[in-house]
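The values are calculated or read from the model by the stated rules, or taken from the named source; none is laboratory data. Computed from a predicted structure; not experimentally measured. Counting neighbours? That spans all protein chains shown, and the Cβs are built from the backbone with ideal geometry, glycine included. Note: accessible area is taken over every heavy atom of the protein model, side chains too, but ligands, DNA and RNA are not part of it. Shrake-Rupley method; radii C 1.70, N 1.55, O 1.52, S 1.80 Å.
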Amino acid sequence: MRKMLAAVSRVLSGAAQKPASRVLVGSRNFANDATFEIKKCDLHRLEEGPPVTTVLTREDGLRYYRMMQTVRRMELKADQLYKQKIIRGFCHLCDGQMLLPLMQEACCVGMEAGINPTDHLITAYRAHGFTFTRGLSVREILAELTGRRGGCAKGKGGSMHMYAKNFYGGNGIVGAQVPLGAGIALACKYNGKDEVCLTLYGDGAANQGQIFEAYNMAALWKLPCIFICENNRYGMGTSVERAAASTDYYKRGDFIPGMRVDGMDVLCVREATKFAAAHCRAGKGPILMELQTYRYHGHSMSDPGVSYRTREEIQEVRSKSDPIMLLKDRMVNSNLASVEELKEIDVEVRKEIEDAAQFATADPEPPLEELGYHIYSNEPPFEVRGANQWIKFKSIS
């Protein structure tokens, strides 16, 4: 009897040492998947569009949640480092600040979920989230922002110029990445590969003439190019209504089919991207997607974001359309996850971000002699001129 009591006591004491949330999560039976209704897309030159219902597995849901939280926390950390003057120069965040993407996390995560790793993606300067979803670590991204050797571009690219496998930046010239994306799609078709290129730009760039030239060439040659306009309603400080005679960006391709998508819903973005990719892989040519999204903060770190819109507008969007809260509510209400489990993910993400930030501030800066490195990808070393003809740098691939 004493042995039995001792054994029970050991089991109970072992459980008591574990966090209560972990014990609860481990003992709870979750659903494997759930079906959700998603918003119907507005269509242009398409007889049918993406489905209006979709299945979300528990595994995918947890992965999307972690990725979106990571992007948001990474951007908030970048915001903090910029204000501490550890990050210098331009910085565009996904949430708006620093050219960050806060509130636009569903776009980069949903798009990645709808394509293959072998597919291609090119975007403008609000690129941190896409750099992460394309496979680079938070450590490499933050170190690039702080200009350190451990950054994904060796500390030379900064906020606007990050690259990964099948990810082509990060481009600083407004709209210039769109013809490049059409060129990547041309390479996919020329080489006979079953791949597509996602070519992103914002509503502010949508009036650029080179975008319409890219539309025309992509349609003529039936290129597997998905043109994606991230419409966050403001191009820098100008609302879309004041900048564009037509704000139906998904119809701007005219002869190219298009659809308008709820960019705040990761599942809606995923299904629309799958649909668009299937359209291109079937040899039907390009397609255009308009993602309706929003940024919490200003266009860049120098923009407070409240001089051209009201705080009430920002708060209303934040309370009704936050993409992370939308996914969280769906998962909890459908028994795909518990609040405690998602809180654990939040804690793990915060730790990952803090560890990455410590690396990004402690890693050394690249030495001056490396300034001429990596000009070419595969060339023997040679000398290049510096600021004047007497300064020489060695170029090493």
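Residue by residue, the range 142-147 carries 3J(HN,Hα) couplings of 5, 5, 5, 5, 8, x Hz when phi is fed to the Karplus relation 6.51 cos²θ - 1.76 cosθ + 1.60 (θ = phi - 60°); x denotes Gly or Pro.
Within the full protein context, the accessible area of Asp203 is estimated at about 10 Å² for a probe radius of 1.4 Å. Charge dipole of the chain (Cα centre as origin; +1 on each Lys and Arg Cβ, -1 on each Asp and Glu Cβ, all else neutral): 920 debye, rounded to the nearest 20. Of all DSSP bridge pairs formed entirely within the chain, close to 45 percent run antiparallel. Sparse packing (at most 14 other Cβ atoms within 10 Å of the Cβ) combined with a DSSP loop state is found for the following chymotrypsin sites (Phe, Trp or Tyr not before Pro) in the range 348-397: Tyr376, Trp390.
Think of a 1.4 Å ball rolled over the protein heavy atoms: the chain then has 48 Å² of accessible area per residue. Surface composition of the range 57-364: carbon and sulfur atoms hold 52% of the protein heavy-atom accessible area at a 1.4 Å probe.
In this label model, Glu213 and Thr35 are separated by 4.9 nm, measuring between points 7 Å along each Cα→Cβ vector. Comparing Gly386, Gly235, Gly110 in a Gaussian network model of the chain where C-alpha atoms under 10 Å apart are linked, the largest mean-square fluctuation is found at Gly386. Just checking the listed ones, Thr35, Thr247, Thr70: in the Gaussian network model of the chain with Cα springs under 10 Å, the one fluctuating most is Thr35.
In percent, rounded to a whole number, the relative contact order of the range 57-364 is 24, using alpha-carbon pairs under 8 Å and six or more apart. Protection proxy ranking, highest mean first, for peptides 216-226, 53-63: 216-226, 53-63, where packing is the per-residue count of other beta-carbon atoms within 10 Å, averaged.
For the options Ser338, Ser377, Ser137, a Gaussian network treatment of the chain with springs between C-alpha atoms closer than 10 Å singles out Ser377 as fluctuating the most.
When the alpha carbon gyration tensor of the chain is reduced to an equivalent ellipsoid, the three semi-axes, largest first, read 37, 30, 21 Å. Only helical runs count toward this figure. For the chain, summing -39,500 (n - 2.57) over DSSP H runs of n ≥ 4 and dividing by all residues gives -13000 deg cm²/dmol at 222 nm.
Cross-link pairs exceeding 28 Å between alpha carbons, from the set Lys156/Lys193; Lys40/Lys222; Lys189/Lys251: Lys156/Lys193.
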